[in-house]
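Read the structure below first, then the notes.
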Amino acid sequence: ADKCLDAAGNSSANGTRLQIWTCAGTANQKWTAPSGGGTTPPGPGAMAVAPYLYNGWGSPPSPTTVMNATGVKWFTLAFVLSNGYCNPQWDGSRPLTGGVDQQTVNTVRSAGGDVIPSFGGWSGNKLESSCSSAGELAAAYQKVINAYGLKAIDIDIEAAAYDSPAVQQRTVDALKTVRANNPGIKVYVTFGTGQNGPDSSLIGRAAASGLTVDSWTIMPFNFGGAGQNMGQLTVRAAEGLKTAVKNAYGYSDDQAYRHTGISSMNGITDNGETVTVADFRTILGYAQQRHLARLTFWSVNRDRPCTGGGADSCSGVSQQPWDFTRVIAQYTG
């Protein structure tokens, strides 16, 4: 008969004598994993994959065409800016509701998807800069949240807005208010990076102020990668981001990865770097391995082939329409 090694009594203290018993399959001869501590954190959900779609240029594609061809369900809609008076409008000029952007939202939702408005971007009049206080900025964010019943927002803070400590703090304080007033809403913060990781001033400021976000998302391009392997450079930069998030919040490695995101740029970038479909596969593999909070890119407008350099409506590299979106649509967290 099979034999089992067991203690004569109920003690498992060091030094307890063990005896060989005939295995009876009874409860005292079975090992059960201890409860607690081993629960896998919930995944980031389908909203983790939401490529940027911009109605402001680049011959915007039909979102349902992209959804049907790729399986992607969410889009990050660019960009909510200020009309000059701390009042949110699409691109700072198109109406917040009732225009082409609301039509896009309705179309995506009718097809079973949803959207994440992105506030900011590289250019334009930023709410983060034009609103004079954290309270006003939080109210501007809230106006958009209420208009669309949002589940997530993206704050794309770049250029002069990022470089200003006052704007950084205003944004952090406004997001704390948004968090308090909208339980369960996902908050993403997107910003630039170097090849070894990003500047950590905003992350540190947020942590010191008691703000947690669901994903700190870097944009690993336009950072001197021309002629280099952009998939590998992206992984290197993301590792730097993970370290910055870990150090600021005292997270474990796994926790830090689960608050880390990547927003790449497909094809030929503004600085002549080339991000291929193969690079996106490298990035996808890394994201899957590390369970990142977010995987997106700029932009679905450009996810079409064309010759020559990249443009606002095509990638400039060899591809089939929506190839880049198809890759990230495979991400499951």
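The values are calculated or read from the model by the stated rules, or taken from the named source; none is laboratory data. Quick caveat, the model's predicted, so the values are computed rather than measured. No Cβ is skipped: glycine too gets one built from the backbone with ideal geometry, and neighbour counts run over all protein chains shown.
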Out of Thr243, Thr260, sole residue that is assigned by TED's automatic domain parsing to the domain that holds Gly120 and in contact with a Lys or Arg (Cβ under 6 Å, 6 or more places away or on another chain): Thr260
Among residues of the stretch 194-210, those that are assigned to a loop (DSSP other than H, G, I, E, B) and either of a type in the set (Val, Ile, Thr) or within 19 Å of Glu158 (Cα to Cα) (or both), counted: 5
Residue in the stretch 282-294 that is assigned to a helix (DSSP H, G or I), without any contact (Cβ under 8 Å) to a residue 60 or more places away in the chain and closer than 24 Å to Trp122 by Cα present: yes
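Per-residue answers, yes or no, for (1) part of a loop (DSSP other than H, G, I, E, B); (2) farther than 23 Å from Gly210 by Cα; (3) modelled with pLDDT of 95 or more:
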| residue | (1), (2), (3) |
| --- | --- |
| Val235 | no, yes, yes |
| Lys242 | no, no, yes |
| Gly261 | no, no, yes |
| Thr296 | no, yes, yes |
| Cys314 | yes, yes, yes |
| Gln320 | yes, yes, yes |
Index of the failed condition, Ala206 passing every other in (1) in contact (Cβ under 8 Å) with a residue 24 or more places away in the chain; (2) surrounded by fewer than 21 Cβ atoms within 10 Å (Cβ to Cβ): (2)
Some residue of the stretch 125-143 being out of contact with any strand residue (DSSP E or B) (no Cβ under 8 Å at 6 or more places or on another chain), in the same structural domain as Ser201 (by TED's automatic domain parsing) and basic (Lys, Arg): no
Residue check for Phe191: closer than 14 Å to Phe119 by Cα, without any contact (Cβ under 8 Å) to a residue 60 or more places away in the chain and not in a helix (DSSP H, G or I): yes
Selection within the stretch 131-147 - surrounded by 19 or more Cβ atoms within 10 Å (Cβ to Cβ) and either in a loop (DSSP other than H, G, I, E, B) or of a type outside the set (A, V, I, L, M) (or both): Cys131, Tyr141
